[in-house]
Structure formats: structure tokens, C-alpha cells
Amino acid sequence: MDEHALRAELEKYHQDSYGWSLSCCAHVRAEAETVQQIVYLKILTGKARYEGRASFKTWLFAVIRRTAADERRRQMLRRWLFDRQAMQAPTRLVEQPDDALYRTELQQIVRQALAALPRRQREALQLVFYHELSLAEAADVMNVSLGSARTHYERGKKRLRQLLEEEQVSDGTTRPAVQ
Amino acid sequence: MEQPDRQFNELFQQLKQEDQRHAPTFAPTFARVVASAAAHSSSPRWQVWRFAAAAFALLLGLSVWFAFFRRTPDERMALPVTPPSQVVPLRESPPQVAVLPKPSQPVRHARPRPHKSAPSLPLEALISQWHSPTEFLLRKPGTALLNTVPRLGESFIKSKTLVPEQHNYLEEQ
């Protein structure tokens, strides 16, 4: 694939890839943008090469997932070496000030519930519902078997439903939660 | 798609729309990456430095390994080495006590030992004097009793008893 074709494909999936980077980086925008740029750089320099074994979107998402994991490890190492206190702090959804202005209450609840899910389950749900991939494609991106992806997907749905219901009950309000 | 799945889908699509509002535009992002790629390819120094650092680390590791796990040539010279092809006759010359390793095998933690003079006894005598290092485990407490012929008036049990002729100092006090 030449550079023009690559550029066209990357442009086509730019929004989607940003959304996937965001979910791989715990919704930290700066990190997501960095990961996206690293991925583009890898593709342009030929470190990541599309060989046509899966769809371009699936392949791109798999590269993003691996790059985000590498970045996460690198940051962990950096924190471990230079900032032990930050290492001990629990990881949680990072809320930026301007985000809160635009988010509805329901979106915040869904994001918090998603952040509480195990990573694999969150990834499976995100790929299927957010990016509208099939389970087989999600399994390719997650680098797991189809059966394993299905298990993560089903468990994730169940757990997310529980979390949303708990949130609705504890609040005492009637929100349009999932039945 | 089932009803709960459809509701999940709607929720996630709302999140997606919101995320896409904040997404950076493609053109500047890609231009930045292209510039970065050009800078990356025009500076091969980075590659050279990486290679040099890897080579240095390898050398350092090797030298540490040699220092701790290998003998120095001087230490190797200090050990008496008999070539394996040379057969020592059993009766005519005293046997070599130290078992020497084959030259091809690496020796770990071997240190030069003080050279002992070989005994002048024949090999048969040496074999007859050999004792197992675990021989003491075979010794029993009553071995001395079983190996001797008992005699009248002699006892292995040593206990003090008071006979009538002896004074009992405890009673007098």
C-alpha cells in the first residue's frame, strides 16, 4: 500500500481510531492523541505493515491497542523509577474540567461503569457497541479466540447492566438505564 | 439485536458522538507525523547510538560473567593438569588423588588447592585404608560391648553403690 492509499485509509478511520485510542488510554485525551500519532508514525515508517489478512480497520485497531499497552507499560516504568507515590495511587477514570461541561449525567454514569469493568470486558463491549465490529473482528483486535471474546462480551454486558442498575437504585431517580 | 443490546448500542453511540466532537482533525495530526517521520529518517545517529548502547551493555554483561563465573588463566595454570591420553600405570607409580576435569568442560568456582605430595603406598593399601565419609552412620552405641568377650567381675555399667564397710557421710551429718 503506497503512502497516498495509506493516508486515505487513515483519514477514513481517523475518528474511529481516536475513539479507540481514548478507550485504550482510560479516556486521557493527551495520551490518546500521543498514541494515535505514534501509530501513524509506525505505519508511515513501515514498522507496522498492513498485509491484508484482516480488514484495515481491524488491523489499525490492533496496532492502536498494542501501542497503547506499550505506552502504558512505559509510563508505569517511568513512574516506578521516578515517582513512587504516583505508582501507588489507584488508577481511575481521569475527568478533565472541560469534559464535565459537555457530558450529560447519564454519559458520566456509563463512563464510570465502563471504567469499573475489567479491561478485556470493557474492550469487548467498546469494540462491539461503540465501533460496531463483529465479535470475530473484536477477537482479532483483542488478540484472543472467538470463544474467549464472546465470554468477555457476555460477562461485560452482565456486569455493566448490574452497575447501571445499582447506580439507578442507589440514586433513587429514574434514569433511562438498561433493563 | 435484542432489546437490552439495542439500549447498550444507543448509550455507546451517544458516547461516540461526544468523543468525536473533541477529536483532533486529521490534517494537522498527519502533517505532524509526516514531519516527525522525516526527522526520524534523516537522523540515523539515533540508530547508531542505540546500537552502541546495546553493544556496550553486552560487553559489560560478558565481562561481569567472566569475572564471577570463570577462572582466570593464572588460576587455570596453578592446577596440575594431566593430559587425558597419558595412562598412569597402577603399580609402578603412585595414583593421582585429585580427579581432574576434562579440558573441554568449563570449571566453575574451582580454586587452586595447596599441592599435596602423593603418598608412597601402593594402590591396594590405599584402597584398604579407604573409609566412606558416611561410615559413622553405621556405628551403634553398643558396638564396644558386642566386640569384646565379657569377663567375670567386670562391668561396662559404671555406677556407684554404697557397701556396708563404707562410711555413709550423709547419715553422720
query: Per residue of B:24-37, how many C-beta atoms from partner chains lie within 10 Å of its own C-beta, taken as a mean?
result: 5
field: Per-residue HN-Hα couplings for the range B:10-16 [Karplus 6.51, -1.76, 1.60; θ = phi - 60°; Hz; x = Gly/Pro]
entry: 5, 4, 5, 5, 5, 5, 4
Extension reserve of the residue A:105-residue A:119 stretch, reckoned as 0.36 nm per residue once the Cα distance is removed: 2.7 nm
message: Could you order the peptides B:15-25, B:125-135 from most to least packed, using the average number of other C-beta atoms within 10 Å per residue?
response: B:15-25, B:125-135
task: May I ask you to sort B:66, B:26 by Cβ crowding, counting other Cβ atoms within 10 Å and putting the fewest first?
output: B:66, B:26
- prompt: For peptide A:55-68, how many partner chain Cβ atoms fall within 10 Å of a residue's Cβ, on average?
  reply: 0
statement: So, with points 7 Å from each Cα along the Cβ direction, the residue B:14-residue A:135 label distance in nm works out to 2.7
- request: Within 10 Å, count the other beta carbons around each residue, average over each peptide in A:9-15, A:36-42, A:51-57, and list them highest first.
  value: A:36-42, A:9-15, A:51-57
message: Which order do the peptides A:17-29, A:146-158, B:139-151 come out in when sorted by mean C-beta neighbours inside 10 angstrom, highest first?
response: A:17-29, A:146-158, B:139-151
task: With θ set to phi - 60°, apply the Karplus curve 6.51 cos²θ - 1.76 cosθ + 1.60 along the range A:113-125 and write out the HN-Hα couplings as whole Hz, x wherever there is a Gly or Pro.
output: 5, 5, 5, 7, 6, x, 4, 4, 5, 4, 4, 4, 5
query: How well do other chains shield peptide A:37-44, expressed as the mean number of their Cβ atoms within 10 Å of each residue Cβ?
result: 4
- request: Estimate the FRET efficiency between residue A:72 and residue B:147 by the formula 1/(1 + (r/R0)^6), using the beta-carbon distance for r and 45 Å for R0, to the nearest 0.05.
  value: 0.05
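No value in this document is a laboratory result; all are computed from the given coordinates. The model shown is predicted, which means the values in this text are computed figures rather than measured ones. Methodologically, a virtual Cβ is constructed for each residue, glycine included, from the backbone with ideal geometry; neighbour enumeration extends over all protein chains shown.
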